[in-house]
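What follows is one structure encoded as structure tokens, with my remarks underneath.
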Amino acid sequence: MNNVDYLIVGSGLAGILFAEVLTRQHKTFLIIDDASQQSSVVAGGLYNPVILKRFTGVWKAKEQLDIAMPIYERLENSLGIKLDHKISVKRLFNSIQEQNNWFLAADKPNLSKFLSHKIITNDNSSIKADFGFGTVLRTGRIDTSSLVQAYKEELDKKGLLFDESFNYNLLDHHQDHLNYNKIKTKHVVFAEGFGLKNNPYFNHLPLNGTKGELITIFAPDLKIDYVLKSSVFLIPIGNDYYLVGATYEWEDKTNAITQKAKSELISKLTKFIKCDFDIVNQVAGIRPTVKDRRPLVGRHKIYDNMYVLNGLGTRGVMIAPYVAQQLFDFIEHKLPLNLEINSNRFE
């Protein structure tokens, strides 16, 4: 019998960042995951404190970044790999009106630290940008695929990862602990992403799930060293390769790539770049999204030792460290959860 403080179900960003909190706090844990959820692996991994469609601030952006950045630095050191790629994000302007709206946003107290007041003139012949760009500050990209792979390899070496599907029928509840197969644990944390829809304890929560697809292109004439945001994001990943994404599909809940998404991305991309490119890869995943665009964090309404950590949506790299710490403090120190993320708001 394995006796641990926590059993975590799921090893995407939510599960990994919660495991990292447990490690720092010297708590024991095991993780069960069947790799059925792909959103953390295929994500673009941007951290960007501004919603660039409307020039508004991301919820708790500064607080999230202040918590997240030191954690990703520690993960880089412990795993011995490069995860945090500091890179600026430039928003392509389509009109004078958008420039004016940018300046208005940059003067707001909650956005002034994140938006540059300088308009960048386009000098790249491969890009259509008659009205220039605005620059977002404190941005970058976390290599989520490398993070998940490397972290799971370390867990496997330590015997902390079970590569299997979780069988809810094997979960045996007791007043002060739970048994699962040959595991005895004080707490179970479900961090299953869109897989929560199959969880009989938490599938009543309004986790919608939004399919997103990205393509990778090879564009040797493009030559940009920043993330470019227009109708889609264009993210350089080195050696003239770029991620382009992402799409939003609400009906299809599979991880299968589609021609429809590829065509949509190409159509949007060719509206603002003029050089040739080759498509070299396409990926898809289901983002765990919630109707009010806030995570799902909290305790089961009946079983006091069962918890949910989910609903990271499109900004997982920023919000995962924040919600992981929130849940740990809620469980171990009895601190109240932020009301906007508490899953009981839907009970």
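Here are a few things to note about the model shown:
- Flag if ILE142 is among the β-branched types (Val, Ile, Thr) and farther than 27 Å from ASN342 by Cβ: no
- Yes/no for ILE32 being open to solvent by 30 Å² or more (accessible area, probe 1.4 Å) and in contact with a Phe, Trp or Tyr (Cβ under 6 Å, 6 or more places away or on another chain): no
- Filtering the stretch 35-54 to residues that are closer than 27 Å to LEU339 by Cβ and open to solvent by less than 10 Å² (accessible area, probe 1.4 Å) leaves TYR47, ASN48, PRO49, VAL50.
- Any chance TYR201 is touching a residue at least 60 places away in the same chain (Cβ under 8 Å) and over 24 Å from the mean Cα position of the chain (by Cα): no
- Matching residues in the stretch 207-231 - criterion: being more than 20 Å from ASP143 (Cβ to Cβ), of a type outside the set (Gly, Ala, Ser) and out of contact with any Leu (no Cβ under 6 Å at 6 or more places or on another chain): ASN208, THR210, LYS211, PRO220, ASP221, LEU222, LYS223
- Reported count of residues in the stretch 125-140, each being open to solvent by 30 Å² or more (accessible area, probe 1.4 Å) and in contact (Cβ under 8 Å) with a residue 40 or more places away in the chain, is 4.
- Some residue of the stretch 266-284 being closer than 18 Å to GLY10 by Cα, touching a residue at least 24 places away in the same chain (Cβ under 8 Å) and charged (D, E, K, R): no
- Residue within the stretch 194-216 that is of a type in the set (A, V, I, L, M), in contact with a strand residue (DSSP E or B) (Cβ under 6 Å, 6 or more places away or on another chain) and assigned to a loop (DSSP other than H, G, I, E, B) present: yes
- Just one residue in the set LYS274, LYS268, LYS291 is under 18 Å from the mean Cα position of the chain (by Cα) and open to solvent by 50 Å² or more (accessible area, probe 1.4 Å); that residue is LYS291.
- Subset tally (residues that are assigned to a loop (DSSP other than H, G, I, E, B) and either in contact with a Gly (Cβ under 7 Å, 6 or more places away or on another chain) or open to solvent by 20 Å² or more (accessible area, probe 1.4 Å) (or both)) for the stretch 314-347: 10
- Residue check for ILE279: over 19 Å from the mean Cα position of the chain (by Cα) and closer than 22 Å to ASN255 by Cα: yes
- Screening the stretch 141-193 for strands (runs of 3 or more DSSP E) wholly inside it with 2 or more residues that are not hydrophobic (A, V, I, L, M, F, W, C) returns the ranges 171-173, 178-180, 183-190.
The values are calculated or read from the model by the stated rules, or taken from the named source; none is laboratory data. As the structure is a prediction and not an experimental result, all values here were calculated from the model. FYI the Cβ positions are ideal-geometry reconstructions off the backbone, even for glycines, and counts take in every protein chain you see. Ligands, DNA and RNA are excluded from the accessible area calculation, which covers all protein heavy atoms including side chains. Shrake-Rupley method; radii C 1.70, N 1.55, O 1.52, S 1.80 Å.
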